[in-house]
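These notes concern the structure reproduced below.
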Amino acid sequence: AAINSTGSALTLVVDGNATFDSKPSLNGGQIRAQGAAGVTLNSGSWNDTLFTGVSALTLGAATYTTSADGALGSLKLTNASSGLNGTGTLTLGALEWTSGTMGGAGTTVLSGGGSFTVQAKHSTANPPTLSRRLDVSQGTTLTLRDTAGYSDGRYFNFSNSPSVPNNAGTLQTLGYSHQPYPVRTGTPPVPRRTLNHLATRGHRRRSPTNS
């Protein structure tokens with residue numbers, strides 16, 4: 001890494017992968033990623049205006065807020081405190097979502113032929129929770145992966161009014177999941193939330209051997 005100065009603002013240049021446990025003091029400057037630009041944020045609140053050039057982002061116990069439209073090659077949410085917020089539209093080329101929340105007034109767009117997976121968990125074990133608009137683009141597959149092989153009591157939570165799941169691609173479930181997959185609003189017992197299937201064949205189920 002290198003630090004460049006323009007006036008009082010500092011630019012932290014990261015060549016390759018970088019992990020941040022806290023936010024550096026850059027006097028209004030930015031973190032510029034280059035090369036294999038993979039960034040991991042382990043804690044704290046971060047804003048997209050702090051970064052340029054990031055292609056792969058992993059969130060631990062951290063919150064990432066988008067104030068403008070942007071794109072990432074991949075996004076991982078791995079912790080119960082992982083959070084994606086903000087008003088911007090974030091287009092993803094790949095997604096691995098094992099815990100945490102997508103919230104805010106913005107939109108998450110899944111686009112392309114990358115791997116988009118959500119690992120369902122019991123609602124008491126901090127399942128992935130959707131509290132914003134999520135668009136699955138045409139030609140894209142979002143996989144709900146039930147590795148435990150038993151879906152009853154295991155949920156991908158859609159929160160109440162803010163969540164808008166629009167599926168123009170394919171929703172695929174791996175495991176002994178019901179059709180439609182048991183997505184819930186809040187803590188059971190509550191009614192199932194309806195996905196907006198915009199595609200002709202919006203859902204497919206595969207055997208648990210693919211989990």
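The values are calculated or read from the model by the stated rules, or taken from the named source; none is laboratory data. Quick caveat: nothing in here was measured; it's all calculated off a predicted structure. Positions of Cβ are generated from backbone atoms using ideal geometry, with glycine treated the same way; all protein chains shown enter the neighbour counts. The accessibility values were calculated without ligands, DNA or RNA, using every heavy atom of the protein model including side chains. Shrake-Rupley method; radii C 1.70, N 1.55, O 1.52, S 1.80 Å.
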Looks like region 9-81, by Cα gyration tensor root eigenvalues a ≥ b ≥ c and the a/c under 1.5 rounded cutoff (else prolate when a/b is bigger than b/c, oblate otherwise), is rounded
First compute the accessible area of region 64-106 with a 1.4 Å probe, then give the percent of it belonging to carbon and sulfur atoms. 48
Sticking to Cα atoms, compute the Rg of region 38-145 to one decimal and its Dmax as the biggest Cα-Cα distance, whole number, in Å. 12.6, 37
Average Cα contact separation per residue, region 20-123, under 8 Å, 6 or more apart, as relative contact order %: 19
Inter-label distance for residue 67 and residue 115, nm, one decimal - labels placed 7 Å from Cα along Cα-to-Cβ: 3.5
